[in-house]
Amino acid sequence: MRSSKTEAIVIKRRDFGEKDRILTLFTREDGKLDAISKGARRPGSRFSYFSDIGSVGQFYIYQSKSIPIITDYKPIFAPEAAREDFKKTEKLSFAFRLIDKLYHEADPHTKTYDILKHTTKEISGCHYQMMFLIFLLNVIDDLGMRPKLDSCTICQKPVMNENQISFVLDSGVCHSNCANEDARQMNANELKLLRFIYQKPYNEISRARVSPEVFDRAYVLIAEYFNWHFGKILPEKVL
């Protein structure tokens with residue numbers, strides 16, 4: 001079929017020619033793809049409003065011989081509230097850049113699409129910091145690098161809710177007496193938070209009450225873990 005319909009999020013855009021834009025779409029069924037939005041830069045064009053980064057909708061695409069062409073669009077939502085807040089906009093920007101860097105064209109990741117869509121919607125609200133941490137942990141999991149959180153990565157014995165624990169960047173949690181000098185200190189509340197995120201649904205997690213100290217420390221550990229596995233592409237703190 002030369003024409004198709006796909007649900008997607010605009011994660012990147014760039015100008016093309018005098019009046020067009022090329023949009024990088026992260027789709028639910030087909031992964032990442034580039035498509036041209038003709039006339040998107042023309043004043044008053046009906047294609048201009050959906051070419052904003054973060055727009056979510058149904059895209060109708062014609063498969064031309066060169067680059068796919070967007071022929072129509074039906075909106076689902078756009079993160080308007082986030083655009084009025086620098087910190088929220090910054091978080092969304094990093095989320096989209098991570099997807100663009102880590103995922104390949106025509107390589108579908110339904111789980112990551114769903115969490116990115118949910119993040120794009122929820123990050124506009126008051127729980128945006130927690131939502132971004134949930135997003136990071138789910139991307140790590142989807143790419144096969146989930147940290148070990150139940151047993152010691154060194155001795156393999158269970159790690160209980162104890163205070164004498166550490167976090168190893170190449171693997172996950174361990175007993176402090178097993179850790180090497182490069183391991184990070186960790187406490188029971190931080191471990192509980194990470195376990196909680198992997199065990200519960202998005203809505204329940206994003207509204208959980210967590211002390212700022214516990215959240216900040218857990219975020220830094222995961223940011224360092226992320227950078228260790230995927231290269232230093234995430235600032236130490238995007239809060």
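Among the residues of region 186-195, are any surrounded by fewer than 16 Cβ atoms within 10 Å (Cβ to Cβ) and part of a loop (DSSP other than H, G, I, E, B)?
Going residue by residue through region 186-195, those that are surrounded by fewer than 16 Cβ atoms within 10 Å (Cβ to Cβ) are 188, 192, 195.
Going one step further and asking which of them are part of a loop (DSSP other than H, G, I, E, B), we end up with none.
Among the residues of region 186-195, not one is surrounded by fewer than 16 Cβ atoms within 10 Å (Cβ to Cβ) and part of a loop (DSSP other than H, G, I, E, B), which makes the answer no.
Report the residue count in region 58-70 for those that are in a strand (DSSP E or B) and either of a type in the set (D, E, K, R) or surrounded by fewer than 19 Cβ atoms within 10 Å (Cβ to Cβ) (or both).
To start, the set of residues in region 58-70 that are in a strand (DSSP E or B) comprises 58-62, 69-70.
Still in the list and also either of a type in the set (D, E, K, R) or surrounded by fewer than 19 Cβ atoms within 10 Å (Cβ to Cβ) (or both): 58, 60, 62, 69.
Residues meeting the conditions: 4.
Could you list, in sequence order, all residues of region 103-155 that are modelled with pLDDT of 90 or more, over 21 Å from Leu221 (Cβ atoms) and not in a helix (DSSP H, G or I)?
Hits for region 103-155 are Tyr103, His104, Glu105, Asp107, Pro108, His109.
Please enumerate the residues belonging to region 16-29 that are touching a Ser or Thr at 6+ places or on another chain (Cβ under 7 Å), surrounded by fewer than 17 Cβ atoms within 10 Å (Cβ to Cβ) and over 20 Å from Phe77 (Cα atoms).
Going residue by residue through region 16-29, those that are touching a Ser or Thr at 6+ places or on another chain (Cβ under 7 Å) are 20-21, 23, 27-29.
Okay, now just the ones that are also surrounded by fewer than 17 Cβ atoms within 10 Å (Cβ to Cβ), so 29.
Scanning region 16-29 gives no hits.
The values are calculated or read from the model by the stated rules, or taken from the named source; none is laboratory data. Predicted model only: the values in this text are computed from it and were never measured. Neighbour counts are summed over all protein chains in view; Cβ atoms, including those assigned to glycine, are modelled from backbone coordinates with ideal geometry.
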